[in-house]
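Step one of this worksheet: look at the structure below.
The values are calculated or read from the model by the stated rules, or taken from the named source; none is laboratory data. Computed from a predicted structure; not experimentally measured. So basically every Cβ, Gly included, is an ideal-geometry build from the backbone, and we count neighbours across all protein chains shown.
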Amino acid sequence: MSRLLTVEKVSSGYGLTTVLRDVSLHVDTGEVVSVVGANGVGKSTLLRTITGLVHPTRGKIAFDGVPLAGMPAHAIVSHGLAMVPEGGRLFPFMTVLENLELGAFGPTARGDARRSLDDVMALFPILRERREQLAGSLSGGERQMCAIARALMSRPRMLMLDEPSLGLSPKMLEKVFELIRTVVAARDLTVLLIEQNVGDALAMADRAYVIESGRIAKTGPGSELLHDPDIQRAYLGL
């Protein structure tokens, strides 16, 4: 497998507050990599730093060998890196279809917009039924599906998901994680998953990183970390 994303000794934060401290990780092509940890430890800041929404104060980030430092967020998407933000962040007063079409705004994705729309409607049949419905009227699980589908409209090589389980019922949470597995298999996608639902995130990960207080505390295969006594005690209540 080739190295797709590299984060090397990155520190970043907001104003005078440092959130991430010397974080290093990598994602290889075809992998599902999870970053897990409690609330407020820097998981979302990591994704925002990778996508150019937060600028690192030190360190290097590269996607497929291309440095991302200083690159605007829309250009990063055009390189094949798409993020589903926490909560989905749909446009509530636009229809499902209009939200999906916005996902294909880039010059590369625009030419394949019709085929991409057919693809995501096949993956998420409920969105075909809801296509003329305002996005703000969707249920929590449907909004998450729409947000993932919108990201797929950009035809990414790598999908980054920020807390897809947020606010979902246990039943819907299970459904959304199953849909993520379906999307990964159908699209042969590389995925970086940021999640506080540690058990599900580790279960589906090829590799995982545990972040604590802005630093990487542990790393290893997802299956090994799932059975790590320290992880079970700290995050799984075992």
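Some notes on this structure:
- Residues located in region 1-22, provided they are farther than 12 Å from residue 56 by Cβ, crowded, with 21+ Cβ neighbours inside 10 Å and either modelled with pLDDT under 95 or touching a Ser or Thr at 6+ places or on another chain (Cβ under 7 Å) (or both): 4
- Inspection of region 184-198 identifies no residue that is of a type in the set (Val, Ile, Thr), under 24 Å from residue 77 (Cβ atoms), touching a helix residue (DSSP H, G or I) at 6+ places or on another chain (Cβ under 8 Å) and assigned to a helix (DSSP H, G or I).
- The conditions of being touching a residue at least 40 places away in the same chain (Cβ under 8 Å), part of a helix (DSSP H, G or I) and at negative phi are met by residue 77.
- Subset of region 47-62 that is in contact with a helix residue (DSSP H, G or I) (Cβ under 7 Å, 6 or more places away or on another chain) and touching a residue at least 40 places away in the same chain (Cβ under 8 Å) - its residue that is farthest from residue 14 (Cα to Cα): 61
- Flag if residue 24 is within 21 Å of residue 156 (Cβ to Cβ), touching a residue at least 60 places away in the same chain (Cβ under 8 Å), in contact with a strand residue (DSSP E or B) (Cβ under 7 Å, 6 or more places away or on another chain) and small (Gly, Ala, Ser): no
- Residues in region 51-63 that are of a type in the set (A, V, I, L, M) and touching a strand residue (DSSP E or B) at 6+ places or on another chain (Cβ under 6 Å) were compared, and the one that is farthest from residue 18 (Cα to Cα) is 62.
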